[in-house]
Amino acid sequence: MTLKEIAEKANVSISTVSRIINSADDNFARKEVRDRVWSIIRETGYLPNQSARELRKNEKLDGEKIHTLACVFGRTRNAEDNPFFAQVARAAEQQALRLGYVVTMSYSVFDIDNNASAQRFGGVKTDGALILGRFDRDMFKFFERYYKNIVFVGRNPIDAKWDQVICDGYAAAKTALEHLISYGHRRIAYIGETQNEVRYSAYLDAVAEHGLEHSATLTASFAQNSAGGYAGACFLLENAKPLPTAVFCAADVMAIAAIKRFSEKGVPVPSEISVIGMDDIELAGFVSPMLTTVRIPKVELGNVAARTLIDRINKVHKLPMKIFIPHELIRRESVGAGYIVDIGSGI
């Protein structure tokens, strides 16, 4: 398979395929075009140089074999449901391709519902696997049975002797909460999951440390997706009396949906209620008001994870590594003043 053949199959130009493959932030071309091109790459095992293409045709070149990886989503059914891990996966796929590896298998732990499906997914031989996001403990045996080389990518470390690439979700959540507090907010709500969730732990700790108002009506425990964000905003509108002056949402998709619900009820953001998210997904900068959030560096997570996995495969290191990637506060328009009114309008 060549760039020309991929372009013909995807019904785009050769330059479009090349720029999609080499895009630094996976933003070139429309999403449906990008997804179509990468689907063809996975299906065909395309590698971006002549020797790799010969390797694919002949299976062996100077005693080497085709190098392939698997990508497993740990807490979402597919990439469409989770734009954060979708971008991490795409960055990892791009980095792997640059290093001569192809991600030929991509699936979710939710796809493994019986022994037959476990054998179907696990039985596809690859050199290693990237595990994106949390998963149930009973999946450990599955991963360690089928994959010799594993890198976990997430917001907090797990108890496993694997390489791990982490952006500290607890610290990132504290950054979001400290930002709200610095703007005078004393009645802050939380929308997100609560069980075994470090972002919720950070919320509780910040409330306790600063002596903030707190009650059960300020905690909206819902799945961390768009539907959960919308439902969480409904919960606060119906139960939190008075309304909080600010809301911390555990993910941007929740924050965007919550802003939509507040707007529908005539509660403007940020003049009556501030909203801050976490992740900095692509849409965060295009909603109105633009979402203030904590950026988790998705491209860097994917790049480092792919390189770490390939280094593990090539025995560059032997001990399990934990690599921490820093987060960053992104100031936009959805946070305004709480009780301190002389700070300014929104940021």
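Read the figures in this text as sums done on the coordinates, not as results from a lab. The shown structure was predicted, so the numbers you read here are calculated from the model rather than taken from an experiment. Cβ: placed from backbone, ideal geometry, glycine included. Neighbour counts: every protein chain shown.
Given H placed 1.01 Å from N in the peptide plane, which residues other than close sequence neighbours of LEU329 have an amide H under 5 Å from its amide H?
Amide H to amide H, under 5 Å and 5 or more residues apart or across chains, LEU329 pairs with ARG295.
Could you check which residue among ILE41, ILE14, ILE256 shows the biggest mean-square fluctuation in a GNM of the chain with a 10 Å Cα cutoff?
Greatest mean-square fluctuation among the candidates belongs to ILE14.
Quick one: CYS234, CYS71, CYS249, fewest Cβ neighbours within 10 Å first, how do they rank?
Values: CYS234 17, CYS71 28, CYS249 32.
Ranked by crowding around the Cβ, least crowded first: CYS234, CYS71, CYS249.
Multiply the residue separation of VAL316 and VAL33 by 0.36 nm, subtract the distance between their alpha-carbon atoms, and state the gained length in nm to one decimal. Write out the running numbers ahead of the final one.
Numbers: separation 283, 0.36 × 283 = 101.88 nm, distance 3.59 nm.
Taking VAL316 through VAL33 to full extension adds about 98.3 nm, to one decimal.
How large is the charge dipole for the range 153-219, taken about the Cα centre, if only the Cβ atoms of Lys, Arg (+1) and Asp, Glu (-1) carry charge, to the nearest 20 debye? Can you show the working numbers first?
Values: 6 positive and 9 negative charges, 31 e Å.
Once rounded to the nearest 20, the dipole reads 140 debye.
Determine, at each q value in 0.19, 0.25 (inverse angstroms), the log₁₀ of I(q)/I(0) that the Debye formula gives when each Cα of the range 245-347 is one equal point scatterer.
So the normalised log intensities work out to -0.86, -1.26.
Given a Förster distance of 45 Å, report the FRET efficiency between SER271 and SER23 from their Cβ-Cβ distance, rounded to the nearest 0.05.
Values: r = 37 Å, r/R0 = 0.83.
Taking R0 as 45 Å, the efficiency between SER271 and SER23 is 0.75.
Say each of ASP136 and THR2 gets a label point 7 Å from the Cα, pointing the same way as Cα to Cβ; how far apart are those two points in nm?
Placing both labels 7 Å beyond Cα along the Cβ direction yields 4.9 nm.
With Kirkwood's inverse mean 1/r over C-alpha pairs for Rh, give me the Rg to Rh ratio of the range 195-305, two decimals please.
In the range 195-305, Rg relative to Rh is 0.97.
For log10 I(q)/I(0) by the Debye sum over Cα atoms at q = 0.09, 0.14 Å⁻¹, pick the label among (i) -0.47, -1.11; (ii) -0.50, -1.24; (iii) -0.53, -1.10 that corresponds to the value derived from the coordinates.
Given (i) -0.47, -1.11; (ii) -0.50, -1.24; (iii) -0.53, -1.10, the calculated one carries the label (iii).
Taking other Cβ within 10 Å of each residue's Cβ, how do ARG145, ARG199 sort, fewest first? Intermediate results must be reported in sequence, preceding the final value.
Details: ARG145 10, ARG199 26.
Ascending number of Cβ neighbours within 10 Å: ARG145, ARG199.
Starting from the 7 Å offset along Cα-to-Cβ, what nm value, one decimal, do you get for the label separation of ASN78 and LYS241?
Taking the simple label geometry, ASN78 and LYS241 are separated by 4.3 nm.
Give a residue-ordered list of calculated ³J(HN,Hα) values for the range 99-109 (Karplus: 6.51 cos²θ - 1.76 cosθ + 1.60, θ = phi - 60°; whole Hz; x for Gly, Pro).
Taking θ as phi minus 60°, the curve returns 9, x, 10, 10, 7, 9, 10, 9, 7, 10, 4 Hz for the range 99-109.
Using the charge dipole of the chain (Lys, Arg: +1 at Cβ; Asp, Glu: -1 at Cβ; taken about the Cα centre), state which of SER201, PRO244, LEU212 has its Cα farthest towards the positive end.
Sorting the options by dipole projection puts first SER201.
Considering amide H positions built from the backbone, and no H for Pro or chain starts, which residues 5 or more places from MET290, or on another chain, come under 5 Å of its amide H?
Hits under the 5 Å cutoff: GLU333.
So, in nm, how far is label ALA160 from label SER15 when the simple model puts each one 7 Å beyond its Cα toward the Cβ?
The answer from the label model is 4.3 nm.
Per residue of the chain, what 222 nm ellipticity follows from adding -39500 (n - 2.57) for every DSSP H run with n ≥ 4, rounded to the nearest 500? Before the final figure, lay out the partial values.
On the way: 12 runs with 141 residues, N = 347.
After summing the helix terms and dividing by residue count, I get -12500 deg cm²/dmol.
Projecting each Cα onto the charge dipole of the chain (Lys/Arg +1, Asp/Glu -1 at the beta carbon, about the Cα centre), which of ALA231, ILE6, HIS185 comes out farthest on the positive side?
Of ALA231, ILE6, HIS185, it is ILE6.
Long-range amide H contacts for THR68: which residues qualify at under 5 Å (H placed 1.01 Å from N, peptide plane, sequence gap of 5 or more or a different chain)?
Correct list: VAL102, ASP127.
Would you kindly state how much longer the chain becomes between SER117 and THR194 on full extension, computed as 0.36 nm times their sequence separation minus their alpha carbon distance, in nm to one decimal?
Working: separation 77, 0.36 × 77 = 27.72 nm, distance 3.02 nm.
In short, 24.7 nm is gained.
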